[in-house]
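Working notes for the structure below.
Just so it is clear, none of the values below were taken in a lab; they were calculated from the coordinates. Note that this is a predicted model, so its numbers are computed, not measured. Cβ coordinates were reconstructed from backbone atoms using ideal geometry, including for glycine residues, and neighbour counts include every protein chain displayed.
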Amino acid sequence: MGAFLTFALDEGGALVHVDDVAKGMKCGCHCPHCNAPLYAKNAGQIREHHFAHAQGLECEGAYESSLHLLAKEVLQETGRIMLPQSISSTFPSGLVRIHNVEVEKWDERYGFRPDVEGVMDNGERLLIEFLVSHKVDGKKRQIIVDNNLKCIEIDINYQALDRAKLKEFLTDTDDDRKWIVSMPQLQKSTGESFSYGRNPLYENARDFLKEIFDEGTIIIHPYYTSFNHPDKPFDLRQIGYDVCEVNTKYRGFKSDLLLFRSQKKDKGHISINIRGRRRSEGFRYPKGLRIIDIIFRAISSEESVKQRLKKGELIGDMEMDIVYFGFKE
């Protein structure tokens, strides 16, 4: 499972910490994912106390299910959430209180069950979805967008299974969360597509990227790489990428920007591309080439493009998405 499972469900279905139950099988707890009985390992002095499956089974979803349950419980107890900025003035931002908080309540009108819902001080309904393994997409996303529901999705994949840390994450920062909104393709008035380079902003975005590289500030996120920088994003120049060619090809693959190391021309090429839509599923990238696609959504001006590229630092935010190919080894 990787990290230790420190929360489980007791006989009454309540989420409990391993230090708050009897040791061994006397804990009476079961796995929140597969419902199998758990053994509480909470008597030792060396290893971190944790739950284990009584029959020695490996349950890959146990930690994620516990994290999902704990996040919902913490939000219900706290009654506060830090909301992210939005391109629309109709969406609130900053720390807000939520009242009448309910968890996993079926909505008869819209036909789905949000993780958490509540009412903000202004009387508006707020839906909150926690991302662990499945994003809000498909029919649910369409219902939210079509009915102008205010819903945020919070990615908790990189959060610890810790009540205090989750509370801090939910109330003290707006990291790893976004509003569920429609994702219009960036277009100019004639309807020409941004993704094929016919939009005038395309040329400017490419120039901005080159400018950012020349300033030494192109950043990639460690989660998507095999490089050993676990704590923070880092500059590509730090690992030797000192050449940037514009509008070129490598092994037949066209790149808006092609980055490589002058000392190691034979390997480690990175292709950065400006697009208006994701590549089709099953896209196969050329061997030996790492690809970063920057997908713009609702951007309408040169200044917006430049701000997003600078601020996003190739991590991504509300108005653009970042897709990596070939970075994990």
Original post:
How much of the DSSP beta bridge set in segment 67-179 is antiparallel, as a percent to the nearest 5?
Top reply: 75
Original post:
Along each of its three principal axes, how wide is the spread of alpha-carbon positions in segment 67-179, in whole angstrom units, largest first?
Top reply: 35, 28, 26
Original post:
Would you list 284, 177 from fewest to most Cβ contacts within 10 Å?
Top reply: 284, 177
Original post:
At residue 160 and residue 142, where each label point lies 7 Å from the Cα along Cα→Cβ, what is the point-to-point distance in nanometres?
Top reply: 4.2
Original post:
Which order results if 33, 49 are arranged by neighbouring Cβ count within 10 Å, fewest first?
Top reply: 49, 33
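Would you please put 287-295, 167-175, 107-115 in order of how densely packed they are, using the mean number of other Cβ atoms within 10 angstrom per residue and starting with the highest?
Numbers: 287-295: 18.6, 167-175: 15.6, 107-115: 13.8.
The densest-packed peptide leads the list: 287-295, 167-175, 107-115.
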**OP:** State, to one decimal in nm, how far the label point of residue 60 lies from the label point of residue 99, with both points 7 Å from Cα in the Cβ direction.
**Re:** 4.5
**OP:** Using amide H atoms built 1.01 Å from N in the peptide plane, name the residues 5+ places from residue 130, or on other chains, whose amide H lies under 5 Å from its own.
**Re:** 115, 154
**OP:** For a quick protection proxy, order the peptides 205-215, 245-255 by their average other-Cβ count within 10 Å, most packed first.
**Re:** 205-215, 245-255
Subject >> Cut-off 11 Å between beta-carbons: net charge of the residues surrounding residue 14, Lys and Arg +1, Asp and Glu -1 >> reply: -4
**OP:** Please identify which residues in segment 44-70 have an amide N closer than 11 Å to a label point set 7 Å out from the Cα of residue 10, following the Cα→Cβ vector.
**Re:** none
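Summing Lys, Arg as +1 and Asp, Glu as -1, what charge do residues with Cβ under 9 Å from the Cβ of residue 274 carry, residue 274 excluded?
Result for the local shell: 0.
May I ask you to derive the FRET efficiency for residue 215 and residue 85 from their Cβ-Cβ distance with R0 = 30 Å, giving the value to the nearest 0.05?
Values: r = 24 Å, r/R0 = 0.81.
Taking R0 as 30 Å, the efficiency between residue 215 and residue 85 is 0.80.
Determine the gain in length on full extension of the stretch residue 26-residue 323; use 0.36 nm per residue of separation and subtract their C-alpha separation, reporting nm with one decimal. Display every interim value, and only then the final one.
Numbers: separation 297, 0.36 × 297 = 106.92 nm, distance 4.70 nm.
Length gained, residue 26 through residue 323: 102.2 nm.
What does the extension gain come out to for residue 120 and residue 247, with contour length at 0.36 nm per residue minus their alpha carbon separation? List each step's numbers first, then the result.
Values: separation 127, 0.36 × 127 = 45.72 nm, distance 4.83 nm.
Full-extension gain reported as 40.9 nm.
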Original post:
Rounded, prolate or oblate: which fits segment 7-59 when a ≥ b ≥ c are the square roots of the eigenvalues of the alpha-carbon gyration tensor, with rounded for a/c under 1.5 and prolate only if a/b beats b/c?
Top reply: oblate
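Below 8 Å between Cα atoms, with a sequence gap of 6+, how large is the relative contact order for segment 67-179 in percent? Don't jump to the answer; show the numbers that get you there.
Values: 191 pairs, mean separation 31.6, N = 113.
RCO, segment 67-179: 28 percent.
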Original post:
By the scheme Lys and Arg +1, Asp and Glu -1, what is the net charge of all other residues having a beta-carbon under 12 Å from that of residue 77?
Top reply: +3
Subject >> Over 31 Å between alpha carbons, listed pairs 105/167; 26/140; 41/140; 140/167 >> reply: 26/140; 41/140
